[in-house]
Amino acid sequence: ESLFNDGTGVVLFTIALGATTTVVSPWLGALQFLELAIGGIALGAAIGFALSWVHLKVDDPEVEITLTAIAAYGGYLLGESLHVSGLLTVVAAGLVLGNYGRPRGMSERTRSAVTVFWDYVAFVLNSVVFLLIGADAPWSTLVSQVWVVLGAIFAVLAARAVSVYGLLVLLRPFGRGINLRWQHLIFWSGLRGAIAVALLLSLTQTGSEFDTVRALVYGVVLVSIVIQGLT
């Protein structure tokens with residue numbers, strides 16, 4: 001769920017950013033969303049199956065770790081060059097490699113090595129992103145626009161509540177209902193962090209509107225991590 005939420009968010013971010021310079025109709029925006037999302041997932045699945053086949057022919061942890069890195073970084077670059085979602089390309093490739101290529105084509109030694117490598121990469125990248133939060137956060141703007149930031153935090157929590165409680169209630173007629181206490185936990189644990197900050201840092205535009213956007217993002221992320229995360 002987290003990976004597809006991030007991927008969908010990046011696609012919507014790309015469309016919204018384009019709409020700041022050109023007029024995009026709702027229908028055109030929806031078509032662009034489907035093109036980016038479906039194209040990225042299809043490309044990622046193709047990359048995942050292709051590299052899974054290579055894993056079947058190779059038994060070398062260093063080479064196979066390199067193949068997973070190619071799937072991640074190379075898949076992203078290929079997706080962007082073909083004008084589909086690079087992030088969803090990576091998500092789909094990772095899902096195929098993890099659920100199809102890993103159990104069939106990787107030895108136990110390789111699976112352990114791949115897990116350790118990507119756990120470390122994730123740790124380093126998350127650390128860098130949160131260090132950048134401390135270095136780049138516009139504290140004066142956060143203080144001066146505290147009520148706007150609080151409004152953004154409320155909007156994010158409200159959207160999460162609608163998506164969790166509104167969608168999970170649809171499972172009840174099928175006998176797959178989820179206990180309400182678990183639904184509360186799912187709602188509160190929808191943290192915002194690395195992807196939002198990474199997208200923010202990708203913005204090169206300047207101006208009061210973008211300063212406000214920066215304040216909103218940092219405010220939501222800080223509250224999400226410090227209050228929701230610690231609780």
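Here are some notes:
- Scanning segment 167-183 for residues that are under 22 Å from the mean Cα position of the chain (by Cα) and either closer than 18 Å to ILE227 by Cβ or not hydrophobic (A, V, I, L, M, F, W, C) (or both) returns a single hit, GLN183.
- Where ASP6 falls short, out of the listed (1) open to solvent by 70 Å² or more (accessible area, probe 1.4 Å); (2) at negative phi: (1)
- The residue of segment 118-147 that is nearest to ASP211 (Cα to Cα), among those that are under 18 Å from the mean Cα position of the chain (by Cα) and open to solvent by less than 60 Å² (accessible area, probe 1.4 Å), is ILE133.
- Number of the exception - LEU199 against (1) in contact with a Phe, Trp or Tyr (Cβ under 7 Å, 6 or more places away or on another chain); (2) open to solvent by 50 Å² or more (accessible area, probe 1.4 Å): (2)
- In summary, LEU67 fulfils each of the numbered conditions (1) over 21 Å from LEU201 (Cβ atoms); (2) surrounded by fewer than 18 Cβ atoms within 10 Å (Cβ to Cβ) with the single exception of condition (2).
- Hits in segment 148-184 - residues which are surrounded by 11 or more Cβ atoms within 10 Å (Cβ to Cβ) and assigned to a loop (DSSP other than H, G, I, E, B): GLY177, ILE178
- When VAL223 is tested against (1) assigned to a helix (DSSP H, G or I); (2) under 18 Å from ALA155 (Cβ atoms); (3) open to solvent by 50 Å² or more (accessible area, probe 1.4 Å), just one condition goes unmet, and that condition is (3).
- Counting only residues that are open to solvent by less than 70 Å² (accessible area, probe 1.4 Å), in contact (Cβ under 8 Å) with a residue 40 or more places away in the chain and part of a helix (DSSP H, G or I), segment 103-116 holds 4 of them.
- Counting only helices (runs of 4 or more DSSP H) that sit wholly inside segment 6-100, those with at least 3 residues that are out of contact with any Lys or Arg (no Cβ under 8 Å at 6 or more places or on another chain) and without any contact (Cβ under 8 Å) to a residue 24 or more places away in the chain are 26-57, 61-69, 75-81.
- Where PHE210 falls short, out of the listed (1) farther than 22 Å from THR8 by Cα; (2) out of contact with any Gly (no Cβ under 9 Å at 6 or more places or on another chain): (1)
The values are calculated or read from the model by the stated rules, or taken from the named source; none is laboratory data. Note that the structure is a prediction, hence the values are computed from the model and not measured. We place every Cβ from the backbone using ideal geometry, glycine too, and count neighbours over all the protein chains shown. Accessible surface is based on the protein model in full, side chains and every heavy atom, while ligands, DNA and RNA are left aside. Shrake-Rupley method; radii C 1.70, N 1.55, O 1.52, S 1.80 Å.
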